[in-house]
1. Quick check: residue separation of residue 116 and residue 214 times 0.36 nm, minus the Cα distance between them. What number comes out in nm?
2. Enumerate the amide H contacts of residue 126 below 5 Å, restricted to partners 5 or more residues apart or on another chain; note that Pro and chain-start residues carry no placed amide H.
3. Collect residues whose amide H, placed 1.01 Å from N in the peptide plane, falls under 5 Å from the amide H of residue 22; neighbours closer than 5 in sequence don't count.
4. Which distance in Å, rounded to a whole number, links the C-alpha centroids of region 2-19 and region 126-145?
5. So, R0 is 35 Å and r is the distance between the beta-carbons of residue 67 and residue 142; what FRET efficiency does that work out to, to 0.05?
6. If I model a spin label at residue 236 and residue 74 as a point 7 Å from the Cα along the Cα→Cβ vector, what separation in nanometres do I get?
7. Hey, what do the phi angles of region 32-42 turn into as Karplus ³J(HN,Hα) couplings, whole Hz, using 6.51/-1.76/1.60 and θ = phi - 60°, x for Gly and Pro?
8. Considering only Cα-Cα distances, which of the following residue pairs are longer than 18 Å: 166/193; 27/65; 35/191; 159/191; 185/209?
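No value in this document is a laboratory result; all are computed from the given coordinates. Quick caveat, the model's predicted, so the values are computed rather than measured. Cβ coordinates were reconstructed from backbone atoms using ideal geometry, including for glycine residues, and neighbour counts include every protein chain displayed.
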Amino acid sequence: MMKRYEDLDITDNFMFSKVFSNEDVAKDFLQSVLKIQIEKISVVGEATSQEDPFHKSVRFDVAVKENVSDASGNLGIGRYFDIELQMVDTGELPKRARYYQGMCDLDVLAKGVSYTKLQEQYILFICPKDVFGKGRSVYCFQNCEVSDPSIVMGDLCYKNFYIFEKYREIEDNSTREYMQYFATKNCESEKIKRIHELVEIYRRDPITKKAYMTLEQELNLRYEKGVKEGRAEANRQLAKGFRDAGFPVDAIAKQTGLTKEEILAL
């Protein structure tokens, strides 16, 4: 069952995506934790990549594209950022980060564009628990040569994991301040107060509440469909088992509700 809308805070994916879809919030966060300068960005909250029905799609919490211009004023490919709030350790976050990397590249790199045009890509996971179990508060990964880590691959892809329950151990003041808010909901600086104010604004916004309720209804329908499909599959497997054991097809059909043709085709 989903949380009551009035109880949502920044550690709920719906609220996180709404708040961090504000360009000033996303830009301040990225500049603060990555120590980079960004002139202009465009944000797509809960962006979906890979709509091909034959492949797995990705729903990013907050996808951020840097807007860059060349000397002639033409827009070009800039850096790409994916900010993910992951409250549950599903055990496959590193592999998910790998998949997100590929989907981000597909989103950025249009057909016929040279690979040399790819810019830096950052995939950032914000998690409550230490998903790697090594005691660190921040993990920063990039591809390196195994025997000599000083040799970096140079693919310009970086994957960072921030463990906000360990915020006290984070040395960087700006990063610690953000993670402290995720852990405690306390806000002191203007940047963090801005985030907290947006949470309160969205809680009172009837349009945002309606979007949340619509999402809840959709998820409930998907759950009910899954339960129904699961029962149907269990029924088919039961019928197949009886058939393979030599029970009369007529008797199986009577007990399961399947037709003779359906049972024979299992």
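1. Working: separation 98, 0.36 × 98 = 35.28 nm, distance 4.22 nm.
Gain on stretching residue 116 to residue 214: 31.1 nm.
2. 84, 85, 86, 162
3. none
4. After rounding, the separation between the Cα centres reads 25 Å.
5. Numbers: r = 24 Å, r/R0 = 0.69.
Rounded to the nearest 0.05, the efficiency is 0.90.
6. About 5.3 nm, to one decimal.
7. Along region 32-42, the couplings run 6, 7, 9, 6, 10, 10, 10, 6, 8, 9, 10 Hz.
8. Numbers: 166/193 21 Å; 27/65 10 Å; 35/191 15 Å; 159/191 24 Å; 185/209 21 Å.
Distance filter (> 18 Å) returns 166/193; 159/191; 185/209.
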